[in-house]
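Colleague: Pasting a structure here, questions to come.
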Number of protein chains: 2
Amino acid sequence: MRIIRTIQEMRAETEARRRAGETVGMVPTMGFFHEGHLSLMRRARAECGMVVVSLFVNPTQFGPGEDLAAYPKDFERDCALAAAEGVDAMFAPEAGEMYAGDHATFVNVERLTGNLCGASRPVHFRGVATVVAKLFNACRPQRAYFGLKDYQQVRVIETMIRDLNFDIELVRCPIVREPDGVAMSSRNSYLSAEERRAATILRRSLVAAGKRIKEGARDGAAIARELREAIETEPLARVDYAEVVDAESLAPLGRIHGAALLAVAVRIGRARLIDNLVVET
Amino acid sequence: MRIIRTIQEMRAETEARRRAGETVGMVPTMGFFHEGHLSLMRRARAECGMVVVSLFVNPTQFGPGEDLAAYPKDFERDCALAAAEGVDAMFAPEAGEMYAGDHATFVNVERLTGNLCGASRPVHFRGVATVVAKLFNACRPQRAYFGLKDYQQVRVIETMIRDLNFDIELVRCPIVREPDGVAMSSRNSYLSAEERRAATILRRSLVAAGKRIKEGARDGAAIARELREAIETEPLARVDYAEVVDAESLAPLGRIHGAALLAVAVRIGRARLIDNLVVET
């Protein structure tokens, strides 16, 4: 596996493979890999001639007071894990390679970014869309693999791809969970053993709310309230949001119909954890 | 010359030529061609294996009350002129091909867009950067040709190319002028004969101000004032702005040094005309 530090070198590498007729698959990450990341790499490996994993902890998607400085890292372990999955190239630029001192250009995906994580993290999706546009242009993949734990991010990037005419297929990949149901996340490393047990409340509450819908409940606000109350039965959990929205537009659903997204963000200890469930009615 | 209406067809066309090792040169336009546009096509023709001209009157770069509906068009004449310059493909999408009904993604180049034309046209550069990003992804040129009459636009697109890692070289092309010095513009067609004569005040005032700097004047605010007063000697002219700014950052220059941009926007009749002059000190 090659480790690539510059945009110029990254471009030359994928351009050569594209010209040779190969499909380039990309997995954008912030590193500290877990099974979720590895599942994306495996899927890309199965479907593409060349697999590029980017590892960049993107400063513009963190707000003031968020965990940019504390974000967990283990570059050597990440390289070993990616190499074991058959990844061809790890694109790991320094911050200065990605952002000029007078960087001024930002990609905003409006409408989809005002609620859910966008409400409590106002610059987050601007940073995500901007860095993903940059990574797409640096790596030029035909396919990009994203995990559905970050459901809102998936919708934001799908919309950016469509609206800016990127010639890239976003491949949605399922959430990978621990045996007790907790969604894998690099931020789970922030949790104490007790907090880690408390984190099971996210999935348990989502499944219970999903069951209510399957049984016929259709009042979106009522289900959202039940979801919040279920999470609040866990004393260590502080709910950031618990919402029921349309799975495509992410607009709040008064009456549930079509595909509904149940989405939650919960603070436990110093971690802010997210999870979601799509329920088809 | 092929006329191409869809992004998919445009992509297929340039991708094939790129794979064959050719350089793709692009000239983004809003049509109603004059010698300024044709000079860009000629330069692209001389430097590139394939020349694509886009013709799209982009709604998102016009504000409310601006001249979107009135913008002059003559598609058949434009096609004949482009074909005569040896253009390979004219990319002329309908508005619905470029913008989905729920289009939500915009590219903002901050800092460079708050003053000059950005002050009186607040959504203009957001629309320009967004459509150029879309056109770049639809046409995938290695080179893009822009005229320096729209100097601020050139700086905005250069910055977007750098910040979003587009693998494209922006080629700056000189302003093309009528024999009396008026910069060529599709909007000159809005002028009556009397207004057209009045329009010479822009260039004459810029040249006089540039001469003052060449003679040693260094007070940016004073030169800007003189520039405004010179334009105001023409009764038909209403100054939108007359400024002296740094030619790279576009920040106002208190004391003139390095490369200074003298830039003006002037309303004459129903036209809003712009012109500029770079003075090296």
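Any read-out appearing in this document is the output of simple, stated calculations on the displayed coordinates, not a laboratory observation. Because the structure is predicted, anything quoted here is derived from the model rather than measured. Note that we place each Cβ from the backbone using ideal geometry, even for glycine, and neighbour counts take in every protein chain shown.
Colleague: So which GluC sites (Glu not before Pro) in region A:192-281 pass both tests, a DSSP loop state and at most 13 other Cβ atoms within 10 Å of the Cβ?
Modeller: Here the sparse-neighbourhood loop sites are A:Glu215.
Colleague: Most exposed first by the Cβ proxy, i.e. fewest other Cβ within 10 Å, how do A:Val176, A:Val128 rank?
Modeller: With the fewest neighbours first, A:Val176, A:Val128 line up as A:Val176, A:Val128.
Colleague: From the C-alpha coordinates alone, can you work out the Kirkwood hydrodynamic radius of region B:191-281, in Å?
Modeller: Evaluated over region B:191-281, this radius sits at 13.0 Å.
Colleague: Give the whole-number value, in cubic angstrom per residue, of the convex hull volume spanned by the C-alpha atoms of region B:2-173. Numbers along the way, then the final one.
Modeller: Values: hull volume 19.3 nm³, N = 172.
Expressed per residue, the convex hull around the Cα atoms of region B:2-173 is 112 Å³.
Colleague: How far apart, in nanometres, would the label points at B:Ala193 and B:Asp167 be if each is projected 7 angstrom from Cα along the Cα-to-Cβ direction?
Modeller: Output for this residue pair reads 5.5 nm.
Colleague: Distances from A:Gln8 to the same residue in each other copy, label points 7 Å out along Cα→Cβ, in nm, shortest first?
Modeller: 3.8
Colleague: Still on this structure: Any chance you could list the semi-axes, whole Å, largest first, of the equivalent ellipsoid that the Cα gyration tensor gives for the protein assembly as shown, using √(5λ)?
Modeller: After scaling each eigenvalue by five and taking roots: 49, 26, 23 Å.
Colleague: Counting Lys and Arg as +1 and Asp and Glu as -1, what is the net charge of the other residues whose Cβ lies under 13 Å from the Cβ of A:Asp102?
Modeller: That sum, taken over residues with Cβ under 13 Å, equals -2.
Colleague: Run the paramagnetic zone check for A:Arg238: 7 angstrom along Cα to Cβ, then residues of region A:58-78 with backbone nitrogen under 15 Å.
Modeller: Zone members listed by number: A:65-67.
Colleague: Now for a separate question. By counting other Cβ atoms within 10 Å of each Cβ, how are A:His257, B:His34, A:His37, B:His124 ranked from fewest to most?
Modeller: A:His257, B:His34, B:His124, A:His37
Colleague: Shifting gears a bit: Quick one: which residues, 5+ away or cross-chain, put their amide H under 5 Å from the amide H of B:Thr105? H built at 1.01 Å from N.
Modeller: Hits under the 5 Å cutoff: A:Glu110.
Colleague: Right, something else. Going by C-beta contacts inside 10 Å, put B:Arg204, A:Arg155, B:Arg5 in order with the fewest on the left.
Modeller: Lowest count first: B:Arg5, B:Arg204, A:Arg155.
Colleague: What GluC sites (Glu not before Pro) in region B:91-185 are in a loop by DSSP, with at most 15 other Cβ atoms within 10 Å of the Cβ?
Modeller: Filter output for region B:91-185: B:Glu94, B:Glu110.
Colleague: For the protein assembly as shown, what is the percent of antiparallel DSSP beta bridges, rounded to the nearest 5?
Modeller: That works out to approximately 55 percent antiparallel.
Colleague: Determine the distance separating the Cα centre of region B:162-235 from the Cα centre of region A:126-162; give it in Å without decimals.
Modeller: Their Cα centres are 41 Å away from one another.
Colleague: Enumerate the residues in region A:250-281 having an amide nitrogen under 17 Å from the point lying 7 Å beyond the Cα of A:Ser120 toward its Cβ.
Modeller: A:262-277
Colleague: Given an 8 Å cut-off on Cα distances and at least 6 residues of separation, report the relative contact order of chain A as a percent.
Modeller: Once normalised by length, the contact order is 17 percent.
Colleague: So which aspartates and glutamates pass the test for B:Lys211, namely a Cα distance under 20 Å, with those fewer than 8 places away in the same chain ruled out?
Modeller: Those aspartates and glutamates meeting the cut-off are B:Asp180, B:Asp219, B:Glu226, B:Glu229, B:Glu232, B:Glu234, B:Glu243, B:Asp246, B:Asp275, B:Glu280.
Colleague: Using a cut-off of 14 Å between beta-carbons, work out the net charge of the residues near B:Leu116 (Lys and Arg +1, Asp and Glu -1, B:Leu116 not included).
Modeller: Computed value for this residue: 0.
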